[in-house]
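Each remark here refers to the structure printed beneath this line.
We did not get these values from a lab; they are worked out from the coordinates using the rules stated. These numbers come from a predicted model, not from an experiment. For neighbour counting, all protein chains shown are included, and Cβ atoms are generated from backbone atoms with ideal geometry for every residue, glycine included.
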Amino acid sequence: MKGVYHVWQRNWTVYRQNWKIGFLAPLLEPLFYLLAFGYGLSVLVGNIHDRGTEVSYTAFIAPALIAINIMNNAFFENTYSSFVRMYYQKTFDAMMATPLSVEEIITGEIFWGATKSVFSTIIMMTVISLFGLIQYPAGLLLIPLAFIGGMAFGSIGMYFTGIVPHIDLFNLPFFLFITPMFLFSGTFFPMENLPQWAQLMAMFFPLTHLTMLARSLSFSLFSAKMLWPLIYLLLFWAVFFPLALYKMRQRLIK
Amino acid sequence: MIIEAEHLRKTFGALVAVEDISFHVRPGECYGILGPNGAGKTTTVRMIYGFSPMTAGHLTVFGLDIRHHMRTIKTRIGVCQQENNLDPDLTVLENLLVFARYFNLSRRPAMEKAQELLAFMALDHRKESKVLDLSGGMMRRLVLARALINNPELLILDEPTTGLDPQSRHQVWERLEELKAMGMTLLLTTHYMDEASRLCDRLIIIDHGRILVEGSPAELIRDYVGHDIIEVSDPGPALRTFVQSHRLHHEDLGHRLIIYGNNHDDLYHEIRNTYCREGCIMRMASLEDVFLKLTGRGLRE
């Protein structure tokens, strides 16, 4: 367990040096989206009916932006960034000559991906709160949610890192997995607008569940129904985390 | 014994990288593994530092079975891998401090050890530099410093001076000699014969995953090629007949004839005066002659 922390700490040491750049994206991205979609589109769209209440379009997409950001941060970190460390910088090779095990290295990397999801969520929450779009104290639960989502998306990202032959092939999961989720997970319009079959498919997307939870927490609307998306995310993590460890072990130990 | 390797074998699918290799490394010695490219040197040391699990065989380090005590063994060894896998995201000093954490060293002793090693490797003026700004020789010394961060009893070096300029190589050799003088055991792979002659107490030459010979550099030279070497370029048929009729130990490479043996002064003068006016030299035999004789002169690519 200490080994996991030391791997995490290596990434933290590097992050601290570039924190200004690391801060910029989650600070500016929600601003851009809120301005473009929120203020540009909301005039055309009007209010949205979501689970019995009526909310402004801006309030509707704000939690989705947080959910997307949780997904992107962990997934990007454990695909491109982890791949660069593994393949080009040989950082894992060097680590493997120390008492660290492959499992500790990969777990540390996934924890780091989830940590980046948490950091950027906190920054985004600050910006979105300035628009008054998050209700507190329920909104604070977005932080542990970012960790759970980060672990789920980081694990599947690391699984892809274990199997892609070359870094260019990450285009595939981004194009076939991340982009459709970004658009069709009830993020920018209610899922009910989709045809029945598409709604059913969207229920397999982890981002759908993450968005539902983020929205409930932002609006401070609690119900027993929240348990299902939470279980889905935890299951997703429970399946892909060991798969990622397995594939990375196969890849690194020769 | 520091390392006891018995019948090590490693296969990658159909490819046999190491067929059958056994050797023992004693405390405080520098032990060399020599061989052409693809002979199985790197695969052998990788099995010892736990990077690749062996396919078959028995291997103990510090008397501990590698299959059950890898983590304990790894806390007591230092590894200098072939490629410079330094952390480009960190400075010179941070490279050492971050590595020290992997060995569970706490902050203060890690800092002290890192400063000491940077001074030892003549890198203390570049502490704050990024790794990518260092020269090849400096990077190599930093890899070496990093391998020493945990005060290892055994230092494993996989081609430590490949790609370095002569000054840097000599500097690395001097540091390694100092470490040996302090009682550290070294296991070294190389394809530089001068490096092996200078550093190794004993060595094996391997090819195609098997051991060809084992011994000290001097013993191997004496046993396999003798003390003197006469080299003749563009030898004529008369010389070939002479060499064969005198049953001289030799190798005919077409454009070059190599005669092995001891106390060849008289022979050399005879050959020189009778068979060749130029392109004929006598020199001391080296490990390189043993190596080429045993592993052949064909290219390995």
Item to complete: Provide, for q = 0.16 Å⁻¹, the log10 of I(q)/I(0) from a solvent-free Debye sum over equal Cα point scatterers in chain A.
Response: -1.17
Item to complete: Starting with the fewest neighbours, write out B:120, B:103, A:240 ranked by other beta-carbon atoms found within 10 Å of each beta-carbon.
Response: B:120, B:103, A:240
Worksheet entry | CD proxy at 222 nm, helix term only [per DSSP H run n ≥ 4: -39500 (n - 2.57); per residue of chain B; nearest 500] | -11000 deg cm²/dmol
Worksheet item: Out of the range B:74-165, which GluC sites (Glu not before Pro) are coil in DSSP terms and have no more than 10 other C-beta atoms within 10 Å?
Response: B:128
Worksheet item: Over all distinct alpha-carbon pairs, what is the Kirkwood Rh of the range A:195-252 in angstrom?
Response: 13.1
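How large is the charge dipole for the range B:66-158, taken about the Cα centre, if only the Cβ atoms of Lys, Arg (+1) and Asp, Glu (-1) carry charge, to the nearest 20 debye?
Working: 14 positive and 11 negative charges, 76 e Å.
So the magnitude is around 360 debye.
Normalised radius of gyration for the range A:137-236, please: alpha carbon Rg relative to 2.2 N^0.38 Å, two decimal places.
On the way: Rg = 14.6 Å, N = 100, 2.2 N^0.38 = 12.7 Å.
The reported ratio for this selection is 1.15.
Using a/c under 1.5 as the rounded threshold, could you call the range B:226-284 rounded, prolate or oblate? The axes a ≥ b ≥ c are square roots of the C-alpha gyration tensor eigenvalues, and prolate needs a/b larger than b/c, oblate otherwise. Don't jump to the answer; show the numbers that get you there.
Working: a/c = 1.31, a/b = 1.20, b/c = 1.09.
Because its axes are fairly even, with a/c under 1.5, the range B:226-284 counts as rounded.
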Worksheet item: Helix B:265-274 versus the longest principal axis of chain B: what is the Cα-based angle in degrees, 0 to 90, to the nearest 10?
Response: 50
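Please get the size of the charge dipole for the protein assembly as shown, origin at its Cα centre, with Cβ charges of +1 on Lys and Arg and -1 on Asp and Glu, quoted in debye to the nearest 20. Please report the intermediate quantities before stating the final value.
Values: 49 positive and 51 negative charges, 316 e Å.
Taking the Cα centre of the protein assembly as shown as origin, the dipole is about 1520 debye.
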Practice prompt. Provide, for chain A, the number of lysine pairs with alpha carbons under 22 Å apart, each pair being eight or more places apart or on different chains.
Written response: 6
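If we count other beta carbons within 10 Å of each Cβ, what is the order of B:87, B:165, fewest first?
Details: B:87 22, B:165 12.
Lowest to highest Cβ neighbour count: B:165, B:87.
Give a quick list of trypsin sites (Lys or Arg not before Pro) in the range B:265-301 that DSSP marks as loop, anything other than H, G, I, E or B, with at most 10 other Cβ atoms within 10 Å.
Numbers: sites: B:272, B:277, B:283, B:293, B:297, B:300; in loops: B:277, B:297, B:300.
Here the sparse-neighbourhood loop sites are B:277, B:297.
Taking a ≥ b ≥ c as the square roots of the eigenvalues of the Cα gyration tensor of the range A:1-61, is the shape rounded (a/c under 1.5), prolate (a/b larger than b/c) or oblate?
Numbers: a/c = 7.83, a/b = 2.31, b/c = 3.39.
In terms of gyration-tensor shape, oblate.
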Item to complete: Answer with one residue from A:146, B:85, B:161: the one whose Cα lies farthest towards the positive end of the charge dipole of the protein assembly as shown, charges on Cβ with Lys, Arg +1 and Asp, Glu -1.
Response: A:146
Worksheet, complete the sentence: Summing -39500 (n - 2.57) over every DSSP H run of at least 4 residues in chain A and dividing by its residue count gives a helix-only mean residue ellipticity at 222 nm, to the nearest 500 deg cm²/dmol, of -21500 deg cm²/dmol
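Mean 1/r over all different Cα pairs, inverted: what Kirkwood radius does the range B:3-221 give, in Å? Intermediate results must be reported in sequence, preceding the final value.
On the way: mean 1/r = 0.0562 Å⁻¹.
Its Kirkwood hydrodynamic radius stands at 17.8 Å.
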Item to complete: Mind putting together the pair-distance distribution for the range B:57-141? All Cα pairs, 5 Å bins, whole percent per bin, short to long.
Response: 3, 13, 20, 21, 17, 11, 9, 5, 1, 0
Discussion item. Let me check I've understood the local charge: for residue A:66, count other residues with C-beta under 11 angstrom from its C-beta, Lys and Arg +1, Asp and Glu -1. What total comes out?
Written reply: 0
Fill in: Candidates B:288, B:231, B:214, ranked by Gaussian network fluctuation over chain B, Cα under 10 Å, top entry
B:231
Practice prompt. Using the charge dipole of the range A:2-252 (Lys, Arg: +1 at Cβ; Asp, Glu: -1 at Cβ; taken about the Cα centre), state which of A:200, A:97, A:19 has its Cα farthest towards the positive end.
Written response: A:97
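When every alpha-carbon pair in the range B:189-274 is counted, what percent end up more than 21 Å apart?
Values: 1579 of 3655 pairs.
Percent of Cα pairs beyond 21 Å in the range B:189-274: 43.
In whole percent, what relative contact order does chain A give with Cα contacts below 8 Å and a gap of six or more residues?
Details: 319 pairs, mean separation 65.0, N = 254.
About 26 percent, as a whole number.
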Discussion item. Which trypsin sites (Lys or Arg not before Pro) in the range B:160-197 sit in a loop by DSSP (not H, G, I, E or B) and have at most 11 other Cβ atoms within 10 Å of their own Cβ?
Written reply: none
Worksheet item: Using the count of nearby Cβ atoms within 10 Å as a rough guide to exposure, how do A:55, B:232, B:92 rank from fewest to most?
Response: A:55, B:232, B:92
Discussion item. Given contacts defined as C-alpha pairs under 8 Å and at least six residues apart, what's the relative contact order of chain B, whole-number percent?
Written reply: 21
Worksheet entry | ³J(HN,Hα) computed for each position of the range B:215-221 - Karplus, 6.51 cos²θ - 1.76 cosθ + 1.60, integer Hz, glycine/proline x | x, 7, x, 5, 4, 5, 5
Item to complete: Taking the Cα centre of chain B as origin, sum charge times position over the Cβ atoms of Lys and Arg (+1) and Asp and Glu (-1), and report the length of that vector in debye to the nearest 20.
Response: 880
Worksheet entry | Unit charges at the beta carbon, dipole of chain B: most positive-side option, B:125, B:243, B:51 | B:51
Worksheet item: For chain B, modelled as a GNM with alpha-carbon contacts under 10 angstrom, which of B:57, B:40, B:215 fluctuates the most?
Response: B:57
Worksheet item: Whole-Hz Karplus ³J(HN,Hα) for the range A:90-101, in order, using 6.51 cos²θ - 1.76 cosθ + 1.60 and θ = phi - 60°, x for Gly and Pro?
Response: 6, 5, 5, 4, 5, 4, 6, 7, 9, x, 5, 9
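Please compute the Kirkwood hydrodynamic radius over the range A:68-206, one decimal place, Å, based on all pairs of different Cα atoms. All intermediate terms of the calculation are to be shown ahead of the outcome.
On the way: mean 1/r = 0.0608 Å⁻¹.
Hydrodynamic radius (Kirkwood, Cα only) of the range A:68-206 equals 16.5 Å.
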Worksheet item: What Rg and what Dmax come out for the protein assembly as shown when only alpha-carbon atoms are used, in angstroms?
Response: 31.6, 111
